[in-house]
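Each reported figure results from applying straightforward, stated rules to the coordinates on display, with no laboratory input. Only a predicted model underlies this, so the values are computations on that prediction, with no experimental measurement involved. When we count neighbours, we look across all protein chains shown, and the Cβ atoms used for this are built from the backbone with ideal geometry, even at glycine.
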Amino acid sequence: MFGVVTRNAEELDWPTFDRRCYEVKSVSGQAREPIAAATSMISCHADTAAADASPELVPVTEDGEIATRERQYFDWGYVCPTHPDYREGLLETIADAADASGDVRLDDVGFPRPEYCFCDRCVEQFEESAYDDRFAWRASVVTEFVSEAADQVGGDLSLTLHPDPYPGHLHGRSGLDLDALSEYVDEFVVPLYDTAYGTTYWLESLASGFRDALDAPLAIELYAVDVDIENLVHAAEVADAYATDVLFGYDASNAQAAIRRLNAETREGKSYG
């Protein structure tokens, strides 16, 4: 199936799309009311507004570097996954969205990078845990959060992954244990973004890697803003060979044009005899 990812509620009514994902909470912290006709997308541990307003929420390295958008590698601010009040509020947001839309997609789940977090709370929780390895403990924190989120969702639960299928990288980077998470997640979504898609060999390599790594359905999300339609269609054809669904992000007009072209080529390719 082909679908759209959008922030514009009016685009959810376009009949071309088989799937619709609506951004209910963004990495900026901006919130929108969930809509019944679309999967609610919720940015979990990326929240620039919360990080700016409440520095005590922000993850910190052992050397005292905080995970804000001012730091190298970060385009937004982060919140520590162990913060109890933020976690409780986040689960309430997920529950409210699920009540409205049924299906929920969790974005930006986990720790920001391998060197986080060494806040007093994380240090204490790790020392009191049954784990000797900090990365294993981090993964347990993230898995527990996703399991609690799954309890709030009556429909399908999707989880977005950083586009790195190399074995162990997501575990080390963010605390994502793919095998453990598969128990709670109905689908993984991988954004494979490019501003042109002039070549697609890298897209095929990443899609193939994720297809081998995951024990759950895979959706691939492509960037659609100002991308040449021919290139976008070709990228979608490559992604479609490995994914259950292909989503087009943040330009519904381009998404619609690409899907119509893909559907037309499918019809033209049929033969009977």
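The table that follows gives values for the structure above.
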quantity: Residue that is nearest to ILE66 (Cα to Cα), among those in region 106-155 that are among the polar types (S, T, N, Q) and either touching a residue at least 60 places away in the same chain (Cβ under 8 Å) or assigned to a loop (DSSP other than H, G, I, E, B) (or both); calculated: SER129
quantity: Any hit, region 33-52, residues being of a type outside the set (A, V, I, L, M) and exposed (fewer than 14 other Cβ atoms within 10 Å of the Cβ); calculated: yes
quantity: Residue match in region 168-181 (condition: surrounded by fewer than 14 Cβ atoms within 10 Å (Cβ to Cβ), among the small types (Gly, Ala, Ser), at positive phi and in a loop (DSSP other than H, G, I, E, B)); calculated: yes
quantity: For TYR73: the one exception among (1) surrounded by 15 or more Cβ atoms within 10 Å (Cβ to Cβ); (2) more than 21 Å from SER158 (Cβ to Cβ); calculated: (1)
quantity: Qualifying residue in region 8-16 (condition: among the β-branched types (Val, Ile, Thr), out of contact with any Asp or Glu (no Cβ under 6 Å at 6 or more places or on another chain), more than 19 Å from ASP120 (Cα to Cα) and in a loop (DSSP other than H, G, I, E, B)); calculated: yes
quantity: Residues of region 200-239 classified as crowded, with 19+ Cβ neighbours inside 10 Å, assigned to a loop (DSSP other than H, G, I, E, B) and either basic (Lys, Arg) or under 20 Å from the mean Cα position of the chain (by Cα) (or both), total; calculated: 2
